Amino acid sequence: MAKRIPKELYKTDTGDGAIFQPYVLQKPNSTFTESFKILRTNVQFSLKLSQPKTLLITSSNAGEGKTTISANLAISFANAGFKTILIDSDLRVPMVHKEFNLKNEKGLSNYLNEEVEWKSIVHTLPVENLSVITAGLIPPNSAELLSSPRMGSFVKEVLAPYQMAIFDSAPVNLVADTQIISPLMDGVMVIVSSGSTRKIDIQKTRESLQYANVIGYVMNMLFKNAESYYQYRYKSNYYSKKTSSHPDV
């Protein structure tokens, strides 16, 4: 499965980058929204959605648009009549709550720490068929929490009331978190950023996900032309702010 998402879908209008607007909600009849319908259809065929499924969305590095793709794809599934839940399993730099302007006081990390039951942290949205679980407060031991039996149980239990569960996960090449939980998923989708993701990054990602069912790669942030595009900002603070001098793909 391969799909290309144009850069024009990105929009920040708060001034401080605090809240992002899911494009599928902004312009449901746009060409770009149609891109997510096609992507949704590809996922349906890849996962054979006759039964509830889990899909993990990740990227090689930070700033490649995985959360934006996760949010818009989740809305697309919900609009198609699938009862969908979007789960922020990026416990390092959680962003899903900002996509939908939700509070993030309690979430997945609190459940994994045995502080709450998962049904109590589900956010019901005004979008029909769509629910969200945010990441919760950032824990000091995210890898340990995600590798716990409680996480395995959660992945199975969350499918009982839903047809599609989408997990937005941490970048593969920065931390071990996604490598830990990816084998639990029915499918894994990797977001590749046009002009910034390097071939060596993709190769490393493929090696790290060798035990996961990678159903495809999505080329993201394509330029319509060199003169006209929107900038997309991603707050990256996983470990460092080092920049690379390597050439782009």
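Quick look at the numbers
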| quantity | calculated |
| --- | --- |
| Among (1) part of a loop (DSSP other than H, G, I, E, B); (2) among the hydroxyl-bearing types (Ser, Thr, Tyr); (3) modelled with pLDDT of 95 or more - the single one Ser50 does not satisfy | (3) |
| Helices (runs of 4 or more DSSP H) enclosed by the range 140-195 - at least 1 residues per element that are under 13 Å from Lys53 (Cα atoms) | 149-157 |
| Check on Ile191, surrounded by fewer than 18 Cβ atoms within 10 Å (Cβ to Cβ) and either under 24 Å from Asn72 (Cβ atoms) or touching a residue at least 12 places away in the same chain (Cβ under 8 Å) (or both) | no |
| Of all residues in the range 40-66 being basic (Lys, Arg) and closer than 11 Å to Gly187 by Cα, the one that is surrounded by the fewest Cβ atoms within 10 Å (Cβ to Cβ) | Lys48 |
| Selection status of Val218, modelled with pLDDT of 95 or more, surrounded by 17 or more Cβ atoms within 10 Å (Cβ to Cβ) and not aromatic (Phe, Trp, Tyr) | no |
| Residue in the range 74-81 that is assigned to a loop (DSSP other than H, G, I, E, B) and either at pLDDT 95 or above or farther than 18 Å from Pro171 by Cβ (or both) present | yes |
| Set Ala226, Ala212: member being of a type in the set (A, V, I, L, M, F, W, C), part of a loop (DSSP other than H, G, I, E, B) and modelled with pLDDT of 95 or more | Ala212 |
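The values are calculated or read from the model by the stated rules, or taken from the named source; none is laboratory data. Keep in mind the model is a prediction, meaning the values are calculated, not measured. When we count neighbours, we look across all protein chains shown, and the Cβ atoms used for this are built from the backbone with ideal geometry, even at glycine.
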